[in-house]
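I have placed the structure first, in the form of C-alpha cells, so that the comments after it can refer back to it.
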Amino acid sequence: MKRQEAKQRIEKLKKEINYHRYLYHVLDRQEISDAAHDALKNELEELELQFPELVTADSPTQRVGGEPLEKFKKVAHSAPMLSFNDAFSEEEMREWEERIVKLLPKEKHYSYYCELKIDGLAISLIYEHEVLKTGSTRGDGKVGEDVTQNLRTIASLPLRLLEKERAIASIRKLKKSLVPGFKKKYRGRVEVRGEVFITKKEFARINRDRKKQGASSFANPRNIAAGSVRQLDPKVTASRRLDSFAYALMSDLGQETHEDEHILLSALGLKTNNNNKYCKSLREVFDFYTRWAPNREKLPYEIDGIVVIVNDNSVFRRLGTVGKASRGAIAYKFAGMEAVTRVEDIKVQVGRGGSLTPVATLRPARVAGVVITHATLHNMDETIRLDVKIGDTVIVQRAGDVIPDIVRVLPKLRTGKERAFRMPKKCPVCGSRVVRHKGEVAHYCTNKKCFARSHKWIKYFVSRGAFDIEGLGDKIIEQLMNEGLVSDPADLFKLTEGDLVPLERFAAKSAANLVAALKTGKHISFPRFIYALGIKHVGEETAIDLAKNFGSVESLQHATLEQLQSIRDIGGVVAKSVHEWFRDKENVKFLQNLKKAGVKIKSEKREAKSEKLRGKTFVFTGELGRFTRDEARDKVRELGGESASSVSKSTAYVVIGSDPGSKYEKAKKLGVKILNEKEFLKLIS
C-alpha cells in the first residue's frame, strides 16, 4: 500500500474506532462485536508500524481508554491502568515470548501466571486503615470515575479488609515465606485492581425482567456491568447483583511474583479466581488455554480468553510498557466469531438445483480459529439489504460449522472506488438464461444440464450423508465429466477400471479402489437414498420421516400430495416439492437408470431397542468425539427418541460438541436443555 493510501485508510480507521470506543466506554452501548473492534484496531496498528511517520497523538493506539463521564468526580490513578496486546494463536504467543526474551536475554527461563480473562469492567480500589476509601473505573487509564458508592453495593467486595493477624494466619497456610515481608510492610493501606462483572444467571434474570416491563434486552453481560457501575443511583446498582474478582496488588506488601499477589489478595479477604494457575512454561500456558477454550460455557460468567503474565514481578517491571500495554503481559484470546476484512470481488456460484449464489472473495481473515477467504451473500435481496459493494470493508462471521457470511458493512470506510454488484442475466458457467421465479428470492440457471449444476449434484449424491463414496472429490468428478464418462450420478455405477486407468491421477490401484467403493456403495438404506436424490427442502431428518412412512421407492413415488402433507413435521412446501420431484419425467428416468446400474435399497426397518427416550427430540451441533452426528442420531432412535435438524420450543435436548454452531445460541435463547457429550453418553447409557 502506498503512503497516501495508507494515510487515508488510517484516518478513516481512527474515526471508525473512536466512534465505537465512545459508544462502548462513554455511552455503554455497542454496535459491533469485540472481535470486529479488535480487528479494526489491529489493522490500524499494523499500518502505523509500517508507516510510523503517520502516527499522531489522537490515534486510538496512543491511549488506553475513553474519556471519563462528567457526571462522576474524577480520580487520578497512582499508576496507569493499562490494557493488553492480543494474541490469537500459539505462533503469536511464541513470538511474544521471543520478543521479551530478546529484551532481557540474561533471564534464562520465564514462568507465567495465567488468569481467565473476565468479560467485565476494570476497577481500582484503595483501602486505608483496612476500610474501602475509593473505588474508581479505568476511565482513560490515567484518570477514572469515582464510583465508590456503587461498588459498596457489591457483596463480593469487602468494605473492610481482614485484620492483620487473620491475614497473616492465612498467608502462613498458603505461603509461609511471604509472612516476614507482609508483617514489615503492611500498614493498612492497600491499592487493588480488579474486575466487576455479572453472572450469566443474573444476566438472564435481568433481561427477563426487562422483557416483562416492555424494555429492550441488554446485548451482553459486560454492558450491564459497565452500565450498573456508572449508575447515579446506588439502588439500581444493588439491584443488578454484580460480582467481582481482584487480580492485581499495586501496593508493595513483600510480593515477588504475580502468584504472590493473588495469595495476599485472598488472605486480605478479597475475592480471587480459583481457576487461575501458575504455569512454569509456555507449554503449560497452552495446556491451560486448551482446557478452558472448550469449557468456558460451563463457567457461571463470560470469559473471552486468558491473560498471561510474566510471573516474576522484577522481570515484569524491567520489561516496561509499549504504547497502551505492558510488555510482560498479553491477552491470549479465544478464537473470535467475527473479523473485519475487505471484499475484493463478488462472484456467482451455481448450485445443484441451479440457484445462483453471490459469494464474496475476501482478503484472508482469521475467524473462529481458521483463515477464511470467501463468504456467502445468500441471494440478491440479501446483497441489497447489506448494501455490500466490491471494495467494501465488512464484518464477517463464522459460528461452528456454519458457512462464513457478511453481517455488516462499514460504509464510513469507503473511498468512493467501491463497485456495486449486479446479478448476471446469463449463467456464468453455461451461458443459459437466468430467471427468478415469482415468490422466490433465488435466481436460477434455466439449463438443467448445466455443467455446474451437474457437478454439484454428483458431489452431493456421493457425500457422507448420501451414498458416501470415498475417493470422489471435486477434481475427480470434474475430470470424469470433462472426459464424457459421467453426466449424472447413475453413470458412476457403470465405471470400470479400464475407464479410469488411462486418466491422469489414476493408477491401477486407485482405479480398483474407486470401482470397489462404487460397488459397495450400490447397497444403501432407504433414508440415505432419499436424501441423495437432492429433492429441494428434503434434509436427512425429512428423508428418515419419508422412509418410515412409505417403506419403498415405489410407495413414495405414487404418494398423493394429501398423503405427504399428513406426515408429522412435513409441511405443505416440503410435500409439494417431493410430490413434484417424483412426477418429473427426467427424475423418473433417473430412478430407472439407478436401478439398471444395480443400486439396491435396503428396506430394513430400525426398531427401537427401548422406549427410554420416547417423546424426546434431540438436536446435535458441533463435533462430537465418541460418535459422528449420524451415529448419535441412530442411538437416539434406538431408544425411541427422535432427532431434528433445527431447534424449537419442542426440542427436549441440544447436544453440543466442540465448536458448536448457531443452534447452540438458539437453544440458550429458548431455554432448551443443553448437554455436552459426556452428559449425553450418561443419558443414553
Inset, instruction - Determine whether residue 401 is among the charged types (D, E, K, R), under 36 Å from the mean Cα position of the chain (by Cα), at pLDDT below 90 and over 30 Å from residue 12 (Cβ atoms). - result: yes
Inset, instruction - For the stretch 503-515, enumerate the residues that are assigned to a loop (DSSP other than H, G, I, E, B) and more than 12 Å from residue 480 (Cβ to Cβ). - result: 507
Inset, instruction - Considering only the stretch 557-675, give the helices (runs of 4 or more DSSP H) lying wholly within it that have at least 3 residues that are within 30 Å of residue 486 (Cα to Cα) and either touching a residue at least 60 places away in the same chain (Cβ under 8 Å) or touching a Phe, Trp or Tyr at 6+ places or on another chain (Cβ under 9 Å) (or both). - result: 585-596
Inset, instruction - Would you point out which residue out of 456, 519 is more than 24 Å from residue 427 (Cβ to Cβ) and not assigned by TED's automatic domain parsing to the domain that holds residue 382? - result: 519
Legend entry - Residue check, residue 372 free of Cβ contacts under 8 Å to residues at least 60 places away in the same chain, closer than 30 Å to residue 531 by Cβ and assigned to a loop (DSSP other than H, G, I, E, B): no
Inset, instruction - Those residues that are under 21 Å from the mean Cα position of the chain (by Cα), not hydroxyl-bearing (Ser, Thr, Tyr) and not in a helix (DSSP H, G or I), I need them from the stretch 1-60; list them, please. - result: 30, 31, 32
Legend entry - Flag for residue 329 being within 28 Å of residue 463 (Cβ to Cβ), of a type in the set (A, V, I, L, M, F, W, C) and touching a residue at least 40 places away in the same chain (Cβ under 8 Å): no
Inset, instruction - Take the residues in the stretch 224-243 that are touching an Asp or Glu at 6+ places or on another chain (Cβ under 6 Å) and part of a helix (DSSP H, G or I), then tell me which one is surrounded by the most Cβ atoms within 10 Å (Cβ to Cβ). - result: 226
Inset, instruction - Could you tell me whether any residue of the stretch 200-210 is farther than 17 Å from residue 161 by Cβ, in the same structural domain as residue 154 (by TED's automatic domain parsing) and among the aliphatic types (A, V, I, L, M)? - result: yes
Inset, instruction - Those residues that are part of a loop (DSSP other than H, G, I, E, B), touching a residue at least 60 places away in the same chain (Cβ under 8 Å) and not hydroxyl-bearing (Ser, Thr, Tyr), I need them from the stretch 418-446; list them, please. - result: 421, 423, 424, 427, 428, 429, 441, 442
Inset, instruction - Starting from the stretch 469-491, keep only residues that are touching a residue at least 24 places away in the same chain (Cβ under 8 Å), then list their pairs with residues that are in a helix (DSSP H, G or I) and basic (Lys, Arg) whose Cβ atoms are within a distance under 8 Å, requiring at least 6 positions of separation or different chains. - result: 472/459; 490/596
Legend entry - Lone qualifier among 600, 605, 576 - being at pLDDT 90 or above, farther than 20 Å from residue 454 by Cα and either of a type in the set (Gly, Ala, Ser) or surrounded by fewer than 12 Cβ atoms within 10 Å (Cβ to Cβ) (or both): 600
Inset, instruction - Provide a single number: the residues in the stretch 91-110 that are farther than 19 Å from residue 321 by Cα and modelled with pLDDT of 90 or more. - result: 1
Inset, instruction - Could you list, in sequence order, all residues of the stretch 520-541 that are in contact (Cβ under 8 Å) with a residue 40 or more places away in the chain and part of a helix (DSSP H, G or I)? - result: 521, 526, 528, 529, 531, 532, 540, 541
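The values are calculated or read from the model by the stated rules, or taken from the named source; none is laboratory data. These figures come from a predicted structure and were not determined experimentally. Cβ coordinates were reconstructed from backbone atoms using ideal geometry, including for glycine residues, and neighbour counts include every protein chain displayed.
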